[in-house]
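The values are calculated or read from the model by the stated rules, or taken from the named source; none is laboratory data. What you see is a predicted model; the values in this text were computed from it and never measured. Glycine gets a Cβ as well: all are built from the backbone with ideal geometry, and neighbour counts include every protein chain shown. For accessibility, only protein heavy atoms count, side chains too; no ligands or nucleic acids. Shrake-Rupley method; radii C 1.70, N 1.55, O 1.52, S 1.80 Å.
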Amino acid sequence: MARRIAHKEKVSALGEFGLIDRVRKLVGNPASAICGIGDDAAVLPLDPKKYLLLTADMLTEGVHFTNKTSGEAIGRKAIASSISDIAAMGGLPRYAVVSIGLKPSTSWAKVEAIYRGMRKIAKKFGTGIVGGDTVRHAKLVINVAMIGEVGKKHLVRRNGARPGDQIFVTGGLGRSLAGERHLRFIPRVDQAQYLVSRFKPNAMIDISDGLVADLGHILAQSRTGAVLEEASIPLNKGARLKDALYDGEDFELLFTMAKSKSWRLQNQRKGKFMFHRIGEVTKRRGIQLMTPAGRLKKAVIKGYTHF
Ligand SMILES: [Mg+2]
């Protein structure tokens, strides 16, 4: 009986994370995987010094772009989102296969623009598009599967945050969808390479679901909590604090690092990079917000959810 009720549940009731959690339990992880479902990319054996990274991202009309978004911007975003996931593991993107679902009425000019957008950003980050599939579909949908590689000593996962770690982001947050930043963002590969080669963060993720939600993913896997300092959170133009906390698709990197190393990074411009310290990892679970007056309040853990 319980089972029959469970089968009637809708994915909208489970939510994106509830759904991922159930899928993870259902498929399990192969014994050879260093890390399976539940990080920005899967981590797989490659050679004595490196791991293979594998990620997939699907974009669909009406959720990740509108029917007014230019083909070039759609293609660019499809590839850039996957590059961002590879960067969040400390890796470099290598190859992608692209599957696309098209309405039969789609013009060749639009398809050409989509692939042009993909090729441009892929080339910029040293990634090659090497295959894929095309199908008929009611709405434009694009899936990018990408492989990357990471030096074993440079791998950063979500589960390494420790109490006392300082929390950083690589740039301004909020109103990415409203301001169309989600179509123009630059995947933070260079920042990630700088970080893993000189600082070795303990945990890292790219912000796709929102600051609070994605910090929540790090904290859940690290079995820790955090205090976020409201006054330290960098805001995008026109964004309010709540936009920075809960809007999705910023594609900045969020990472934590031992306090002893963090002073070298703290709010200093490092060449062309800027790293903003926004809080601290705590033993106490949950996320607390510290107001500019120094008062602590509990953050509601919610985020941009794709269902
Ligand atoms: Mg991600």
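Brief remarks on what is shown
- Residue match in segment 156-166 (condition: under 16 Å from the mean Cα position of the chain (by Cα) and away from the ligand (no atom under 15 Å from the Cβ)): no
- When residues of segment 193-210 are limited to those that are within 13 Å of the ligand (Cβ to nearest atom) and not β-branched (Val, Ile, Thr), the one surrounded by the most Cβ atoms within 10 Å (Cβ to Cβ): Met204
- Unique match (being out of contact with any Pro (no Cβ under 7 Å at 6 or more places or on another chain), surrounded by 13 or more Cβ atoms within 10 Å (Cβ to Cβ), of a type outside the set (Ser, Thr, Tyr) and in a loop (DSSP other than H, G, I, E, B)) among Gly132, Gly90, Gly101: Gly90
- Number of the condition not met by Leu183 [criteria: (1) crowded, with 24+ Cβ neighbours inside 10 Å; (2) of a type in the set (A, V, I, L, M, F, W, C); (3) in contact with a Ser or Thr (Cβ under 8 Å, 6 or more places away or on another chain)]: (1)
- Enumeration of residues in segment 141-184 that are within 19 Å of Arg277 (Cα to Cα) and in a strand (DSSP E or B): Gln166, Ile167, Phe168, Val169, Leu173
- Conditions (1) among the acidic types (Asp, Glu); (2) open to solvent by 20 Å² or more (accessible area, probe 1.4 Å); (3) closer than 16 Å to Glu149 by Cα; number of the one not met by Glu72: (3)
- Among residues of segment 79-118 being among the charged types (D, E, K, R) and touching a residue at least 40 places away in the same chain (Cβ under 8 Å), the one that is nearest to the ligand (Cβ to nearest atom) is Asp85.
- The number of residues in segment 250-266 being touching a residue at least 24 places away in the same chain (Cβ under 8 Å) and surrounded by fewer than 18 Cβ atoms within 10 Å (Cβ to Cβ) comes to 5.
- Matching helices (runs of 4 or more DSSP H) fully within segment 211-307 where at least 3 residues are hydrophobic (A, V, I, L, M, F, W, C): 211-222, 241-246
- Here Leu140, Leu155, Leu183 are screened, and the one residue that is modelled with pLDDT under 95 and either under 20 Å from Ile86 (Cα atoms) or in contact with a helix residue (DSSP H, G or I) (Cβ under 9 Å, 6 or more places away or on another chain) (or both) is Leu183.
- Close pairs (8 angstrom Cβ cut-off, 6 or more residues apart or separate chains): farther than 15 Å from Ile86 by Cβ and in a strand (DSSP E or B) in segment 199-210, within 15 Å of the ligand (Cβ to nearest atom) and charged (D, E, K, R) anywhere: Ala203/Arg157; Ala203/Arg158
- Residues of segment 29-45 that turn out to be outside any loop (DSSP other than H, G, I, E, B) and either in contact with a Cys (Cβ under 8 Å, 6 or more places away or on another chain) or more than 15 Å from the ligand (Cβ to nearest atom) (or both), as a count: 4
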